[in-house]
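Below is one structure; the comments refer to it alone.
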């Protein structure tokens, strides 16, 4: 009995040691990894002071699982880190309730890795194409540029993720619109005669999408040689069009002159038309008279009549000019018409002619 | 080259039509509408207050659903309402939306567009043109008018493409040495803008007449037998009806398009698109 009691006491004494053995915790040793960055990567000096150990973890397997999945894409992390018993690092590694800087970094890394996977999955679910996923992976790869500044890295990830999502959504919208347009076009093509398509079919031309023109329908090239429905180059039509342009030009000039001289439009129009009026009143009757004289040569009776008429022709013209002139013109008006050149001079000369003749017939 | 395009997208990025009273006209633009008329103003694309430069080679079209399209830099087709930009695989001279197709003139050819997944839209040439310069116009009953010009030779030709008895038929309508810049069809009359004149060509009588003489050079014309004639000069937009004539808008280089009873006005230098509804009322008040 005494022997049994002693055995039990011995076992009870050993329990604390068993407990220690059972509670053997493991930590991730990142010392080699940190050293490599500290020595080899410019701008990654933060790694020089980074925590060597991350953890603790309740057992080796848990530690190893966390180590492998922390940075799955980082070959160096996988190769240069390992799980070791925490007591080799510190007799009292910090517990999870009070994480060290290194452990905090590690947890952040884990969070970001999880976020990356979520983002990637979300992009796939949204139907983003390979190019979008590749773009995202390239953003993920920039991790090394941020060292321990995981906050910035996370911000960059979030921002780029949002950009990619927007771009995917836009592409989907555009694609939908384009598809709708396509459907509309297809239904129109089915239900409605399309002019150009018909021309293509009628002429039996082969359509060459590479735009080699000889294979195109030459319908307008052929028509070019034919007479139009209305030919604007035909002298009669051309004269009509030219006259309309001329009338428009004259009225524009009268407007312009009226504005410059500040004369009322109606007065100015009459003033400018006096030149042609004189031609009509004097020159044309005189020429007509001369024509009559020629035809009357050798005919004495007619000659007498013409001799009497000659006086009337001159006096009629004289009277007509004077009365029109009184009604329409004042000398000061004409003086105020500006001296102009080129095309406008035609209209100015009409005024001058009028003035000269008026002077003669005062 | 892409910067003006980005600017344009930014400025035209408004989706919902707004009432004119909610969105002011850009500086230098004035609109006078007859009192008590049914004419309504809608902003399809509210314009920028700032004047946009480098807006050369800007063409304007309206599709069958009444949505505006801008041809930009001869390379892009942009629908500001849907914010869609199509890039074309080649430069184009002019475009029009007719019978459900985007028709274009490009490099001496008339053709249409084919959607190309993840690539520029492909131009499919169909009809060879005798000249480089060309413009397209929609006539009545989906007739297509093609104005071809050779400015160096001073030659202007108008062709008409139409469907007749299920077949496509092309006709040479008019040739002239006087510059023609725009045209429209109303009934059997083809109205053409030449300088300050609007010439009318009666296709039945095969005769030409002077319809209107304007004090400024005319740039654009739109017409319909039910509504009347709208024109645009460099600074104004006006209306010529059976009973009334009025200039109702002052704007810089406006571009106009008439569709049914609505007049679409592109304020080119401010990249705004207005739609005036019930425009036939211009002839009543």
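Some observations on this one:
- Residue satisfying condition, being within 10 Å of another protein chain (Cβ to nearest Cβ) and either at pLDDT below 95 or part of a strand (DSSP E or B) (or both), within set B:156, B:191, B:145: B:156
- Considering residues of the range B:127-142 that are over 19 Å from residue B:107 (Cβ atoms), touching a strand residue (DSSP E or B) at 6+ places or on another chain (Cβ under 7 Å) and not in a loop (DSSP other than H, G, I, E, B) only, the residue modelled with the lowest pLDDT: B:142
- Being at pLDDT 85 or above and either closer than 22 Å to residue B:119 by Cα or surrounded by 15 or more Cβ atoms within 10 Å (Cβ to Cβ) (or both) is a property that does not hold for residue B:101.
- Considering residues of the range B:68-84 that are within 14 Å of chain A (Cβ to nearest Cβ) and part of a loop (DSSP other than H, G, I, E, B) only, the residue surrounded by the most Cβ atoms within 10 Å (Cβ to Cβ): B:80
- Which listed residue is at pLDDT 85 or above and at the interface with chain B (Cβ under 9 Å from one of its Cβ atoms), from A:209, A:230: A:230
- Tally, over the range B:85-105, of residues that are facing chain A (nearest Cβ under 8 Å) and in a strand (DSSP E or B): 3
- Of all the listed residues (B:238, B:168, B:200), the sole one being assigned to a strand (DSSP E or B) and either surrounded by fewer than 16 Cβ atoms within 10 Å (Cβ to Cβ) or in contact with a helix residue (DSSP H, G or I) (Cβ under 6 Å, 6 or more places away or on another chain) (or both) is B:168.
- So residue B:228, is it more than 14 Å from every other protein chain (Cβ to nearest Cβ), buried (at least 20 other Cβ atoms within 10 Å of the Cβ) and either touching a helix residue (DSSP H, G or I) at 6+ places or on another chain (Cβ under 9 Å) or on the phi > 0 side of the Ramachandran plot (or both): yes
- Matching residues, the range B:241-262, being within 13 Å of residue B:60 (Cβ to Cβ) and assigned to a strand (DSSP E or B): B:254, B:255, B:256, B:257, B:258, B:259
- From the list B:130, B:120, the one residue that fits, being within 11 Å of chain A (Cβ to nearest Cβ) and free of Cβ contacts under 8 Å to residues at least 40 places away in the same chain, is B:130.
- Looking at B:47, B:65, B:37, just one residue is closer than 20 Å to residue B:279 by Cβ, at pLDDT below 90 and surrounded by 19 or more Cβ atoms within 10 Å (Cβ to Cβ), and that residue is B:47.
- Number of positions in the range B:1-34 that are modelled with pLDDT under 85, under 20 Å from the mean Cα position of the chain (by Cα) and within 11 Å of residue B:270 (Cβ to Cβ): 1
- Criterion violated by residue B:108 - all others in (1) at the interface with another protein chain (Cβ under 9 Å from one of its Cβ atoms); (2) under 17 Å from the mean Cα position of the chain (by Cα) satisfied: (2)
- Residue check for residue B:265: within 16 Å of the chain's Cα centre (by Cα) and closer than 16 Å to residue B:60 by Cβ: yes
- Scanning the range B:171-183 for residues that are more than 13 Å from chain A (Cβ to nearest Cβ) and either outside any strand (DSSP E or B) or within 17 Å of residue B:99 (Cα to Cα) (or both) gives a single hit, B:181.
- The listed residues are B:205, B:213, and the only one of them that is in contact with a strand residue (DSSP E or B) (Cβ under 9 Å, 6 or more places away or on another chain), modelled with pLDDT under 95 and within 11 Å of chain A (Cβ to nearest Cβ) turns out to be B:213.
The values are calculated or read from the model by the stated rules, or taken from the named source; none is laboratory data. What you see is a predicted model, and the numbers here were worked out from it, not measured in a lab. Cβ sites come from the backbone with ideal geometry, for glycine too, and all protein chains shown count toward neighbours.
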